[in-house]
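Engineer: Got a structure for you, questions after.
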Amino acid sequence: MAALSFQTVPGGEEPGRFADVRRVDETGSTNADLLLLARSGASEGVVVMTGHQRSGRGRRGRTWLAPPGSALLASVLLRPALGPEAAHLVTVAAALAAVDACHEVAGVDPGLKWPNDLVVDIDGATSKLAGLLAESLVEGDRLAAVVVGMGCNLTTAPPGAVCLDDLAGRAVDRDELLASWLAHLDRRYPSPSRVGALLDDYRRRTTTLGRTVRVELTGETIEGRAIDVTEAGHLMVETAAGRREVTAGDVVHLRPDP
């Protein structure tokens, strides 16, 4: 990792537990870098950010592609006192913190599309602003670490997506957005005592609940109305054949909120 020439991010004090913020001009994946550090015993709170990822990862094995310097690309290492079954709370907290940061820094209020996308509705269409990916290290029955990464379009966006600069009507400072995300993540840090509050806030912020959705699963597709997010972070969908609890899948919003 030393060969990556990390540097502490300039611009003032780092918030809360995230005092070790490192920058690399280019890397394969910030999540992959942090997973290596986590396996070697790195302390909670290490943050890796980059201007370009050659092999950025998304959900379900997808890649995250962005031109160099066009996005906030960062990952953080957490070691929460949670069981493996509650690892999804890290993603919930990180997604809510990202919404908070967009509001604080850019005056933009994105919604959350289940499970981990920040989106805005423009002319009846849902456009993606940012995405998060959490990856866990489990040792026996213990959650040893969670690495959560965020990619947020700043200056440009691929087709069907949107960038924060356009929404804000000005250039948004990457380091300021990162610092805000970390500060809000520190405030929302997932713990057993905060489970109810985190999920209640997520339900309020998500744009998926109440919508008619199509969910693309492995080997099948279902349609119905999204009615709840369970304590396990799963999406409950009311279909013509009954209720389905979705643990993972791609959700498409089929029409705007009624």
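What follows is calculated from the coordinates using simple rules that are stated; it is not laboratory data. Only a predicted model underlies this, so the values are computations on that prediction, with no experimental measurement involved. Cβ coordinates were reconstructed from backbone atoms using ideal geometry, including for glycine residues, and neighbour counts include every protein chain displayed.
Engineer: I'm spelling it out carefully: the read-out is Cα extents along the principal axes in Å, the candidates are [x] 71, 48, 34; [y] 55, 47, 33; [z] 63, 52, 33, and one was derived from this structure. Which label?
Structural biologist: It is the value labelled [y].
Engineer: If I take every Cα pair under 8 Å that is 6 or more residues apart in the range 212-253, average their sequence separation and divide by the length, what percent do I get for the relative contact order? If you can, show how the numbers build up before the last one.
Structural biologist: On the way: 75 pairs, mean separation 16.5, N = 42.
Relative contact order, the range 212-253: 39 percent.
Engineer: Assigning unit charges at the beta carbon (Lys, Arg +1; Asp, Glu -1) and nothing else, what dipole magnitude in debye, to the nearest 20, does the chain show about its Cα centre? Each step should come with its number before you reach the end.
Structural biologist: Details: 27 positive and 34 negative charges, 80 e Å.
Computed about the Cα centre, the dipole is about 380 debye.
Engineer: Hey, another quick one. Looking at the calculated P(r) for the range 212-253, what percent of the C-alpha pair distances fall above 16 Å?
Structural biologist: Working: 198 of 861 pairs.
More than 16 Å apart: 23 percent of the Cα pairs in the range 212-253.
Engineer: Within the chain, which whole H helices from DSSP have a Cα span along their axis of at least 24 Å and a mean Kyte-Doolittle hydropathy of -1.0 or more, if any?
Structural biologist: Numbers: long enough: 88-106 (27 Å, 1.34).
Once both thresholds are applied, what remains is 88-106.
Engineer: State to the nearest 20 debye the size of the charge dipole of the range 212-253 about its Cα centre, where the only charges are +1 on K and R beta carbons and -1 on D and E beta carbons. Can you show the working numbers first?
Structural biologist: Values: 4 positive and 8 negative charges, 21 e Å.
Dipole magnitude for the range 212-253 comes out near 100 debye.
Engineer: Place a point 7 Å from the Cα of Thr155 along the Cα-to-Cβ direction; which residues of the range 15-56 have their backbone N under 18 Å from it?
Structural biologist: 24-27, 49-54
Engineer: If you average the alpha carbon positions of the range 71-129 and of the range 20-48, how far apart do those two centres end up, in angstrom?
Structural biologist: The range 71-129 and the range 20-48 have Cα centres spaced 19 Å from each other.
Engineer: What residue among Val138, Leu199, Ala97 has its Cα farthest toward the positive end of the dipole of the chain, where the charges are +1 on Lys, Arg and -1 on Asp, Glu, each on the Cβ?
Structural biologist: Looking along the dipole axis, the top candidate is Val138.
Engineer: What order do you get for Arg243, Arg211 when you list them from fewest to most C-beta neighbours inside 10 Å? Mind dumping the intermediate values first?
Structural biologist: Values: Arg243 11, Arg211 21.
The fewest-first ordering by Cβ neighbours comes to Arg243, Arg211.
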